[in-house]
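What follows is one structure encoded as structure tokens, with my remarks underneath.
The values are calculated or read from the model by the stated rules, or taken from the named source; none is laboratory data. Everything quoted here is computed from the prediction, not taken from an experiment. Cβ placement follows ideal geometry from the backbone for every residue including glycine, while neighbour counts extend to all protein chains displayed.
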Amino acid sequence: MIFEEMADFAAAVPPMRALMGLDLGDKTIGVAVSDTFLSVATPLETIRRKKFGVDAARLNELIVERHIGGLVLGLPRNMDGSEGPRCQSTRAFARNFDRLGDLPITFWDERLSTVAAERALLEADTTRKRRAEVIDHVAAAYILQGVLDRIAVLRRQETGNG
């Protein structure tokens, strides 16, 4: 099921299950995963895109291996907040993937996530070649971490600690 509201998505994720974050590009899919406490996002891998069926099969392998309870897709909004063709493509991917199973799916505004990932890799003195290899799944981790931080705020508000 696809959720537009973060609180609804968070409520749909089974307890003690990790989340997976995706940075969907034209040629690659950056993949990151969280811990089961939903506190830390870790870059996992970059999938070279082939066709939807092949890409979805690899994602499903990871979902099963890692006991994933929910999926977060970076939504590449324009800088003014509007949605263009890349957002439409991401939403279509979510609809197609949703037909394959019953995993909760949501979106996270990914504006500047690749810029932040690039900056972090530059600060870590990563070579240009290595940056090119890891940028997509590092960007996916930035996207996923944004969701994890938002869920933490929502949980604090629910318990009156926020």
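Among the residues of region 79-110, the ones that are modelled with pLDDT of 90 or more, surrounded by fewer than 18 Cβ atoms within 10 Å (Cβ to Cβ) and of a type in the set (S, T, N, Q) come to 3 in all.
Residue by residue, here is whether (1) closer than 15 Å to residue 103 by Cα; (2) free of Cβ contacts under 8 Å to residues at least 12 places away in the same chain; (3) aliphatic (A, V, I, L, M); (4) surrounded by fewer than 16 Cβ atoms within 10 Å (Cβ to Cβ) holds:
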{"residue": "4", "(1), (2), (3), (4)": "yes, no, no, yes"}
{"residue": "9", "(1), (2), (3), (4)": "yes, no, no, no"}
{"residue": "18", "(1), (2), (3), (4)": "yes, no, yes, no"}
{"residue": "23", "(1), (2), (3), (4)": "no, no, no, no"}
{"residue": "32", "(1), (2), (3), (4)": "no, no, yes, no"}
{"residue": "35", "(1), (2), (3), (4)": "no, no, no, yes"}
{"residue": "39", "(1), (2), (3), (4)": "no, no, no, yes"}
{"residue": "43", "(1), (2), (3), (4)": "no, no, no, no"}
{"residue": "46", "(1), (2), (3), (4)": "no, no, no, no"}
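Residue count for region 65-113 under the criterion of being under 21 Å from residue 49 (Cα atoms) and acidic (Asp, Glu): the result is 3.
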